[in-house]
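To start, the structure itself, in structure tokens.
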Amino acid sequence: MTLEEPEGPSRIRDDVIIRLTVYYTVVFGLFVGLLSIPGVGDLISGERARQLGIIPQDPTDLTADPSLVLAPLQVDTVIPVALGMLGALLLALPVAWVYLWTRPPQPYRSGIAQTVVVLPIAIALVVFLVKGSLPLAFSLAGIVAAIRWRTSLSETMDAVFMFIAIGIGLAAGVQFLMVALVASLAFNAVALTIWRLDFAGQAVTLHGWQLRRGAAMKAAPTGETSHETVLRIHASDLAGALEKADAILSTHAKEWSVTGTTDEKGGASLAELTVRLKKRSDPDILVRLLEKLGAPQIEQVDR
């Protein structure tokens, strides 16, 4: 069964470049529109200055005087924190999308994508609460230390997505929403480019001053235990031989890679494969299968 290419509006809607371009354009317009409201820009600038310690805390600030915690909400307090948390959410959401689009489907961990969305909001709030208060900062650090976080990240890129989420939250918390916007946009552009070009997806080794490229190890559907062997395939058509070998190895090997290729006389080629066999697979039987089912592209297989 083959999948048909989407057509018309559906294809445009599912194009990630168009989707992200439209999304960031709308978010940028929203930020500009909010800042154009009279007084909002001044509130943001004042809160940013207080966060960075440029001007002292306002004596009437709710966070500076505990006796005012039940006082009516102040506009100069509510608007900056609300915009910071809103900006953190809007700019972390496309990062979570890119994570879902580019990370391997197995193992699928929805919790990481959800964390990328909500973590910047929490960080923006924490930054607003600390706001130059050293005792409060130590108190929050003690609370975090008391909570036993037990999250293991199986992929290094998962940690990178977490770092960018933290960065967006920090930038939003100190009212640098444009910095958070640029960081979100730049990170997604690089992540999508790396995924699209399959950067470092192929093993490369150095032989003397020459680079030798081989296919990266491919995992078979099952996770059975295995043993490793080296196969040398003599082929009249290298591309066709590797394609047939791929189909055969998918049922007899746990993973495999092409470690090198050499040109032989008469236009033939020699490909050396490192194969990690499944527990129940016999290397001799595999050699015979490759020679029988891989003909005429595969002429001979040696161990």
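The values are calculated or read from the model by the stated rules, or taken from the named source; none is laboratory data. As the structure is a computational prediction, the values presented were derived from the model and not from experiment. Glycine gets a Cβ as well: all are built from the backbone with ideal geometry, and neighbour counts include every protein chain shown. What goes into the accessible areas is simple: the full protein's heavy atoms, side chains included, and nothing from ligands, DNA or RNA. Shrake-Rupley method; radii C 1.70, N 1.55, O 1.52, S 1.80 Å.
Only a single item in (1) modelled with pLDDT of 75 or more; (2) open to solvent by less than 80 Å² (accessible area, probe 1.4 Å); (3) of a type outside the set (Asp, Glu); (4) within 30 Å of ILE44 (Cβ to Cβ) is not met by LYS131, and it is number (1). Can you name the residue in the range 249-266 that is more than 15 Å from GLN300 (Cβ to Cβ) and in a helix (DSSP H, G or I) and is also least open to solvent (accessible area, probe 1.4 Å) among such residues? Checking each candidate, the answer is LEU249. The listed residues are LEU68, LEU62, LEU119, and the only one of them that is surrounded by 14 or more Cβ atoms within 10 Å (Cβ to Cβ) and at pLDDT 85 or above turns out to be LEU119. Cβ separations smaller than 6 Å between residues 6+ apart or across chains give the following pairs from the range 19-48 residues that are more than 17 Å from ALA92 (Cα to Cα) and in a helix (DSSP H, G or I) to residues that are hydrophobic (A, V, I, L, M, F, W, C) and open to solvent by 80 Å² or more (accessible area, probe 1.4 Å): GLY41/LEU35.
Does the range 228-238 contain any residue that is modelled with pLDDT of 80 or more, among the hydroxyl-bearing types (Ser, Thr, Tyr), closer than 22 Å to LYS292 by Cβ and part of a strand (DSSP E or B)? Checked the range 228-238: at least one residue is modelled with pLDDT of 80 or more, among the hydroxyl-bearing types (Ser, Thr, Tyr), closer than 22 Å to LYS292 by Cβ and part of a strand (DSSP E or B).
Considering the range 105-116, the residues that are at pLDDT below 70 and under 25 Å from LEU91 (Cα atoms) include one that is least open to solvent (accessible area, probe 1.4 Å), namely ARG109. Only residues that are open to solvent by less than 30 Å² (accessible area, probe 1.4 Å) and farther than 17 Å from ILE112 by Cα were counted in the range 163-173, giving 3. Condition test on GLU243, is it open to solvent by 50 Å² or more (accessible area, probe 1.4 Å), part of a strand (DSSP E or B) and farther than 21 Å from GLU228 by Cβ? No.
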